[in-house]
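Any read-out appearing in this document is the output of simple, stated calculations on the displayed coordinates, not a laboratory observation. Just so we're clear, the structure is a prediction, and the values are computed from it rather than from any experiment. All Cβ positions, even for glycine, are placed from backbone atoms using ideal geometry, and neighbour counts span all protein chains on display.
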Amino acid sequence: MNVLDVRDLSVEIPTETGHVLAVDGLSYSVGESEILAIVGESGCGKSVGVLSLLGLGPEHARVTGEVNYAGQNLLTRKPDALRRVRGQDIAYIFQDPMTALNPLMPVGKQVEEVLAQHASMSRAERRARVVELFELVGIPAAAERARAYPHQLSGGMRQRVMISMAIACGPRVLIADEPTTALDVTVQAAILEILKDLRDKLGMAIVLITHDMGVVADIADRVVVMYAGRAIEEGGIEQVFRRPAHPYTRGLLSAVPVPGQRAARARLRGIPGTVPVIAESVDACTFADRCGRADEACRSGRPPLAEAAGGTRVACRHPETKESNGE
Ligand SMILES: Nc1ncnc2c1ncn2[C@@H]1O[C@H](COP(=O)(O)OP(=O)(O)OP(=O)(O)O)[C@@H](O)[C@H]1O
Ligand code: SF4
Ligand SMILES: [Mg+2]
């Protein structure tokens, strides 16, 4: 069953030099206990896309479409109602925990404050719960660490504190925007393990944004590949890694990591050119200027997402059919 269902989401941001269409008709859904990765180069609209689900996108942005959660369209909810959903039902973790933590307050107290806002617990219960949460995310000597200030903790420990804060009220969906990019590889692996563990233990659905295909291979069940605000390919992790049908996905996977193996950590690279910044929806493939296969058909009409031979859904007029290892 889907927990979160995003339909035709568009986000238009007014800027001094005109509009930016950061998200252009994006649709995807996340099932219960599923880890969905959203991947794409810088500027593809990954962050704006997830922030806009709960009214956290850029100021004055025009957000259209539907974000269906628990039988309601979140885009039509008032800010107060959205604040309640945030934290209690859908929680966020961001890349840099320092910006989200108060430097002047012990970390345990900060998690207690979240509990006080959303759950009816006594002070003693909140304290005990903080220790429980810290243990759950692998913070050793949890009671002692709860009294530490953010600067007294390592980056990895701070990110664990952020995760414990995000899951404090037992959300059904956790949205993690590049949660490990600032961390070194070993700590990154530990944090990814924690996320997987939380999914297994608490049945949470996780939407993980990353530009690291190695992370996708390690952790995700399904992946949505974004380009210029659109989903250009989506599918199960096995299918997308084995037979990516979109030339862009192929480019991203030019050093293909095998799902489940950590050896090849491929970054998005090797595709000449950059993601275009779009002012309004164009009726063509937005990847055409970077694609060796582009022809007239690609430039006349937006390619719809359709089933590809390898089991993914792809928005491309001339999808690839070979297995990626065969190249
Ligand atoms: N506050 C803003 N004002 C104007 N334009 C913005 C704003 N925030 C984002 N954009 C633009 O929207 C587009 C999508 O940005 P977004 O931050 O979602 O990209 P991203 O895929 O998350 O990239 P990254 O991997 O670098 O985090 C970009 O063209 C960006 O410049
Ligand atoms: S639609 Fe055409 S230009 Fe776009 S990715 Fe497919 S082949 Fe390339
Ligand atoms: Mg981002």
Anchor K201: aspartates and glutamates whose Cα lies under 20 Å away (excluding residues fewer than 8 positions away in-chain): E32, E34, D89, E132, E135, E193, D218, D221
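What relative contact order, as a whole-number percentage, does the chain give when Cα pairs under 8 Å and 6 or more residues apart are counted? Display every interim value, and only then the final one.
On the way: 672 pairs, mean separation 68.5, N = 327.
It rounds to 21 percent for the chain.
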Under the classification rounded if a/c is under 1.5, otherwise prolate if a/b is larger than b/c and oblate if not, where does the stretch 1-50 fall, given a ≥ b ≥ c as square roots of the Cα gyration tensor eigenvalues? prolate
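Please work out whether the stretch 97-170 counts as rounded, prolate or oblate from its C-alpha gyration tensor, where a ≥ b ≥ c are the square roots of the eigenvalues and a/c under 1.5 means rounded, while otherwise a/b larger than b/c means prolate and anything else oblate?
Because a/c hits 1.5 or more and a/b exceeds b/c, the stretch 97-170 counts as prolate.
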Simple spin-label estimate for R7/C169, 7 Å along Cα→Cβ, in nm, reads 2.7 nm
GNM on the chain, Cα springs under 10 Å; top mean-square fluctuation among T99, T312, T76 goes to T99
For E193, put the label point 7 Å out on the Cα→Cβ axis and report which residues of the stretch 136-178 keep their amide N under 13 Å from it. 137-140
Candidates P303, P272, P79: whichever shows maximal mean-square fluctuation once the chain is modelled as a Gaussian network with Cα springs under 10 Å: P272
What's the center-to-center distance, using Cα atoms, between the stretch 1-44 and the stretch 218-242 in Å? 13 Å
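Quick check on the stretch 48-100: take the gyration tensor over C-alpha atoms, sort the square-rooted eigenvalues as a ≥ b ≥ c, and tell me if it's rounded (a/c under 1.5), prolate or oblate. If you can, show how the numbers build up before the last one.
Numbers: a/c = 1.97, a/b = 1.34, b/c = 1.47.
It comes out oblate by the Cα gyration axes.
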Using a simple spin-label model with points 7 Å from Cα along the Cα→Cβ vector, what separation in nm is obtained for E32 and A141? 4.1 nm
With each label point set 7 Å from Cα along the Cα-Cβ vector, what nm distance links N73 and T15? 2.9 nm
If the chain between N102 and T186 were fully extended at 0.36 nm per residue, the gain over the current Cα-Cα distance would be 27.7 nm
If one computes P(r) from the Cα atoms of the chain, what percent of pairs lie at distances over 24 Å? 55 percent
Please list 3J(HN,Hα) in residue order for the stretch 108-113, calculated via the Karplus relation 6.51 cos²θ - 1.76 cosθ + 1.60 where θ = phi - 60°; whole Hz, with x for glycine and proline. x, 5, 5, 6, 4, 4
